[in-house]
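A short write-up of the structure that comes next.
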Amino acid sequence: MRLADVQAALGAELDGKPCAELRALITSATLAPGDCLQLYRDRQHHARVLTLKQLYPVTQRLLGTDLLHILAQQYAARYKTVTSPEPFGMHFAQLLQDCTSQHCELAVLAFLPELARLEWALHCAWRAADDPALNFNSLDYVPEEEQYRLRMVPSQALQLLRFSWPVLDIWDKCQTQCPAELTLYKKPVWVCVYRQLDKPRAEIVSDKQARLLNGIIGGQTLYQLSRAVPDINQHLTVLIARRWITRFELPPDPASQEQSSQDGCLP
């Protein structure tokens with residue numbers, strides 16, 4: 001068998017479709033081919049469970065071992081056809097959302113999808129690329145009449161999330177062990193996830209700060225941001241101190257580009 005055929009046959013075996021040609025290639029002094037394949041399945045499942053535990057330490061602690069194993073199997077079955085190089089576990093929050101909404105006995109765990117989103121965001125913040133050193137000296141060379149077009153560039157580790165449940169409080173309380181009781185209530189808040197001193201962090205931000213951060217992430221200009229948040233200068237110091245903003249950039253002037261294009265078409 002060619003390597004591609006072996007890989008395809010192994011994938012079929014793991015899906016429960018026996019391949020006699022593949023089994024004929026498996027040799028073991030103590031195990032039958034079917035037992036060797038089952039051992040591989042067990043180890044693969046164990047690796048998936050371990051990955052989810054590492055990515056979602058608090059979520060898995062609240063889920064419990066039995067339910068985590070079931071969800072690991074469901075995750076592998078649902079997302080096995082994903083062809084893009086997505087890391088295992090990134091869709092776990094969506095799987096939890098579907099499970100808790102479809103099964104009434106899991107209604108008490110309705111907050112877990114948001115908790116998983118928080119833990120995935122913290123993981124992404126930790127893995128994000130390093131930002132360049134803060135340097136705002138270039139602002140000295142931007143003419144005052146052009147400053148309205150400036151855009152603020154957010155940190156590569158920055159994420160802004162909207163939660164209905166107090167997941168940040170739950171995550172803080174469950175770092176080492178699960179409390180006997182959790183106080184659950186719905187109160188929508190914005191949470192900013194970022195990295196500071198090589199450690200992922202999360203904190204609640206006000207609606208005004210969230211509006212400003214959403215605008216920055218969306219690429220709005222300084223003029224657009226100042227219209228949405230009139231007292232923007234009061235917040236910029238906080239954003240820069242947190243390293244949520246890494247630099248300013250001045251995009252090309254569309255009017256100048258259009259004029260240059262017209263000039264280039266002149267006979």
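The values are calculated or read from the model by the stated rules, or taken from the named source; none is laboratory data. All values reported here derive from a predicted model rather than from experimental measurement. Glycine gets a Cβ as well: all are built from the backbone with ideal geometry, and neighbour counts include every protein chain shown.
So, residue 54, is that one assigned to a helix (DSSP H, G or I) and at pLDDT below 90 or not? Don't jump to the end; show me each part of the working.
Numbers: assigned to a helix (DSSP H, G or I): yes; at pLDDT below 90: no.
Considered against the rule, which asks whether it is assigned to a helix (DSSP H, G or I) and at pLDDT below 90, residue 54 comes out as no.
Being in contact (Cβ under 8 Å) with a residue 12 or more places away in the chain and either part of a helix (DSSP H, G or I) or not hydrophobic (A, V, I, L, M, F, W, C) (or both) is the filter here, so list the residues in the stretch 136-154 that pass it.
Step one: of the stretch 136-154, the residues in contact (Cβ under 8 Å) with a residue 12 or more places away in the chain are 136, 138-139, 142, 146-154.
Across the stretch 136-154, the qualifying residues are 138, 139, 146, 147, 148, 149, 151, 154.
Out of 6, 49, which single residue is modelled with pLDDT under 65, surrounded by 12 or more Cβ atoms within 10 Å (Cβ to Cβ) and either in a helix (DSSP H, G or I) or not small (Gly, Ala, Ser) (or both)? Before you say what the answer is, go through the steps one by one.
Values: 49 fails: modelled with pLDDT under 65.
Within the list 6, 49, the selection yields 6.
Could you run through the stretch 155-173 and say how many residues are farther than 17 Å from residue 246 by Cα and touching a residue at least 60 places away in the same chain (Cβ under 8 Å)? It would help to see each step written out before you state the result.
In the first step, residues of the stretch 155-173 are kept if they are farther than 17 Å from residue 246 by Cα; the result is 161-173.
The next check asks that each one be touching a residue at least 60 places away in the same chain (Cβ under 8 Å); those that pass are 170-171.
Result for the stretch 155-173: 2.
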